[in-house]
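Remarks on the structure that follows.
The values are calculated or read from the model by the stated rules, or taken from the named source; none is laboratory data. These figures come from a predicted structure and were not determined experimentally. Counting neighbours? That spans all protein chains shown, and the Cβs are built from the backbone with ideal geometry, glycine included. Just so you know, the surface numbers come from the protein's heavy atoms only, side chains and all, with ligands and any DNA or RNA stripped out. Shrake-Rupley method; radii C 1.70, N 1.55, O 1.52, S 1.80 Å.
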Amino acid sequence: MSHGIEDVVREKYAAVAASTLTNESSGVQAVAEAFGYSAEELRSIPAEANMGLSCGNPVATAHLRPGEVVVDLGSGGGIDVLLAAKKVGPTGRAIGIDMTDEMLDRATRNAEKAAAANAEFHKATIDQLPLAGGSADCIISNCVINLAPDKAAVFREMARVLKPGGRVAVSDIALKKPLPPEIGRDILAYVGCIAGAIPIEEYREGLKAAGFAHVEIIDSGADLNAYAQIEGQVGCCGGEMETVTIGGSPSASSCCSPDETSKTPELLARLAELTRRHDINDYAASVKVFAVKPL
């Protein structure tokens, strides 16, 4: 991941992790339910594990079994690791990978609250996993692979870490057609999982090139404009716009400040703003991604 983008991703997600956003907010819960979580699932884990960052529910489609090892790429506050830990049981392991210290701290606290002794978290980027080859039965991820500039490296790492016959069950955002420039060049749209997305066919071919078989990418039909339901917009500070280069083009982010943790972090505020100005569903889709590593 290029350092400019990586630093901004880490900074913005650290601000979300430090915020007071939890499943106790009706807007945050509405986003999770819009992308496939049941109210029962959300009640079964600490409220702090859900911050409204999902675009699907990969555990619901992973068909996890007791005793399996499952790896979550970009585990955030631990929502999917904790749900997976229940599925694989005490003889299994649910492993979360994240590069942001604040997210890892929040996830670890949530695992302690949930008494999930079979859940663990490691600091790393998802294109360099700190795991042995052939060690996982299943890889899940929720709206994170689109953040990786080198998606081919992520796909290769997924194939390396999976056991022969291991499977992928990922929720992500992929493009149906090119984004308008306002979104495509917006750094917070990138960090918010929209501008970094690749076309569905490119996603499929990338997994095949990494050696995966039985690749399926299904449009879930979920409404990407659901992010607008997160309440409490951050007020603008009137300061300088932050500029980061994406694909050779300078990109200005919003001037809104995430300093007050009681308000919606800048990342989610900007996403909500973009969904009010554009129908994101015209350009992108919440997809369910399935693949198998051949025996």
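Some notes on this structure:
- Looking only at residues of segment 181-195 that are crowded, with 21+ Cβ neighbours inside 10 Å and assigned to a loop (DSSP other than H, G, I, E, B), we find that the one that is modelled with the highest pLDDT is I194.
- Positions within segment 11-25 being of a type in the set (V, I, T) and without any contact (Cβ under 8 Å) to a residue 40 or more places away in the chain, in sequence order: T22
- Of the residues A117, A169, A159, the single one that is open to solvent by less than 10 Å² (accessible area, probe 1.4 Å) and either of a type outside the set (D, E) or in contact (Cβ under 8 Å) with a residue 60 or more places away in the chain (or both) is A169.
- Among residues that are touching a Gly at 6+ places or on another chain (Cβ under 7 Å), surrounded by fewer than 23 Cβ atoms within 10 Å (Cβ to Cβ) and not in a loop (DSSP other than H, G, I, E, B), E48 is included.
- Test: residue in segment 26-44 that is touching a Lys or Arg at 6+ places or on another chain (Cβ under 7 Å), open to solvent by less than 50 Å² (accessible area, probe 1.4 Å), farther than 19 Å from N146 by Cβ and in contact (Cβ under 8 Å) with a residue 60 or more places away in the chain: no
- Segment 103-114 residues that are of a type in the set (D, E, K, R), paired with ones that are open to solvent by less than 60 Å² (accessible area, probe 1.4 Å) and modelled with pLDDT under 95 (beta carbon under 7 Å, 6 or more apart): R106/A17
- Comparison of P149, P130, P164, P178 shows that the only residue that is over 13 Å from the mean Cα position of the chain (by Cα) and in a strand (DSSP E or B) is P164.
- Of all residues in segment 133-146, exactly one satisfies the criterion of being at positive phi and either part of a strand (DSSP E or B) or open to solvent by less than 20 Å² (accessible area, probe 1.4 Å) (or both), namely C143.
- Hits in segment 101-127 (condition: of a type in the set (S, T, Y) and assigned to a loop (DSSP other than H, G, I, E, B)): T125
- Hey, S54 assigned to a loop (DSSP other than H, G, I, E, B) and in contact (Cβ under 8 Å) with a residue 60 or more places away in the chain or not: yes
- With a requirement of 3 or more residues that are at pLDDT 90 or above, the strands (runs of 3 or more DSSP E) lying completely within segment 198-295 that satisfy it span 213-219, 284-292.
- Subset tally (residues that are touching a strand residue (DSSP E or B) at 6+ places or on another chain (Cβ under 7 Å) and either open to solvent by 10 Å² or more (accessible area, probe 1.4 Å) or assigned to a helix (DSSP H, G or I) (or both)) for segment 77-100: 9
- G67 in contact (Cβ under 8 Å) with a residue 12 or more places away in the chain and outside any loop (DSSP other than H, G, I, E, B): no
- Residues in segment 120-132 that are touching a residue at least 40 places away in the same chain (Cβ under 8 Å), closer than 16 Å to V69 by Cβ and open to solvent by 30 Å² or more (accessible area, probe 1.4 Å): F121 only.
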